[in-house]
Amino acid sequence: MTQRDHGPASPSTPRFRHRRRSTESFPDVRKLSGSYLLVDDENKYRSMRIRTASTFWMLISILFILYMGHLYICAMVVVIQIFMTGELFSLSRRVNEERQLPGFRLLNWHFFFTAMLHVYGRILSQHLVKTVTSERAFYKLVNKLVKYQMVICYFLYIAGVVCFILTLKKKMYKYQFGQYAWTHMILITVFMQSSFTVANIFEGIFWFLLPASLIAINDIAAYLFGFFFGRTPLIKLSPKKTWEGFIGASVATVTSAFLLANIMGRFQWLTCPRKDLSTGWLECEPGPLFKPDYYSLSGLLPEWFPWKEISILPVQWHALCLGLFASMIAPFGGFFASGFKRAFKIKDFGASIPGHGGFTDRMDCQMVMAIFAYIYYQSFIASQDNPVEMILDQIVRHLSFEEQNALYLKLSQIFEERQFITSLSR
């Protein structure tokens, strides 16, 4: 048995293993413990410059849209809602599961646009009918759509449920039902709340602009006070928030509410309600809330003082309530969002706005404020003792053109009979 000669054994060459460098960045222990403050941030000035530039451009854009009018403001709100919904849909998305479920993401958007049709259909139906009264055929079509809007939305929703059931896939049930629940949670907690903003807009831009401005002022003031003076942590969910920022922002917000209400309340473009969906310039008689009351200062100040009286709009007292809510309660919407982001281990909901994160990061407190402003307006400001207006709105919403004409003729006949009886009794 022959052995094959393999030649002399070569000396073994040593192998050097290069340890791969870790790309993982270890977070600051202070950030995890909740003791990290903005005043100690080394990059705070760079962050402040980026945030200031973004805020400036957002302010210019919003002022232009405000000048364009109610309809354009509503369009802005809808666009923001779409961006927010997209950001939140992305949080629970899993790429591998999505590949096995083609078209499943479209189903989530189907539920979103069905909810949009339902909510905005109910809010804007009266304004839409009043806009198309000039064309009879178009009026009939719009009136039918308004009348059966709830039925249309219901069957659209049922169609979505049926499609969801038909797309259920084995081993994917948990993910699909999780996405179904996630979609409805977004619609309830985000879309429904922010939709009240549109209802506020048509009551007068004032009731949209003042609450939104107070949230922005509170956010900026909290940032600045925390930037320069913040030393005492406020809440662990949001480590950069401080008591100094919270208290300073509260004082600044309430003061700004009282002053801004006086300034905004003197512009008819902001105070006049919009009854239709047109974009023309508005002129109206100022309501009692926007007619100034004069208070004498005699006896309170020295005689050489130039001001003898001050004028205060009644709406300024209501603005104090809005300011208190914006400074004391609305920030908890931001704390809720902070906890939400910690649960998903993300810094921001998106990166649409440099220095601010995503649209959801900017709108967390605005949603809480929008629904409070709507409830406050409907409870304490809107006229509750004008049944004629309520009846006319019901007539316009629920009666066709022919039915309204028949009602007009019937009322005319009743008035003529009463006038005839009155003349005979004389």
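The values are calculated or read from the model by the stated rules, or taken from the named source; none is laboratory data. These numbers were taken from a predicted model, which means no experiment stands behind them. Quick reminder, even Gly has a Cβ in these numbers, built from the backbone with ideal geometry, and neighbours come from all protein chains shown. Accessible surface areas use protein heavy atoms only, side chains included; no ligands, DNA or RNA. Shrake-Rupley method; radii C 1.70, N 1.55, O 1.52, S 1.80 Å.
The residues of segment 125-259 have, on average, 51 Å² of accessible surface per residue, using a 1.4 Å probe with all protein chains present.
Cross-link pairs exceeding 21 Å in C-alpha to C-alpha distance, out of 171/347; 169/341; 171/341; 240/341, comprise 171/347; 169/341; 171/341. Couplings 3J(HN,Hα) for segment 260-267, derived from phi with the Karplus relation 6.51 cos²θ - 1.76 cosθ + 1.60 (θ = phi - 60°), are 5, 4, 5, 6, 5, x, 9, 10 Hz, where x marks Gly and Pro.
For residue 242, the residues 5 or more places off, or on other chains, whose built amide H falls under 5 Å of its own are 234.
Cα to Cα, under 28 Å, and not fewer than 8 places away if on the same chain: which lysines meet these conditions relative to residue 308? Residue 308 reaches 291.
Of the chymotrypsin sites (Phe, Trp or Tyr not before Pro) in segment 235-327, the ones in a loop by DSSP (not H, G, I, E or B) with at most 11 other beta carbons within 10 Å are 281, 304, 307. The 3J(HN,Hα) values that the Karplus relation (6.51, -1.76, 1.60; θ = phi - 60°) gives for segment 176-181 are, in residue order, 5, 5, x, 5, 4, 5 Hz. Gly and Pro appear as x.
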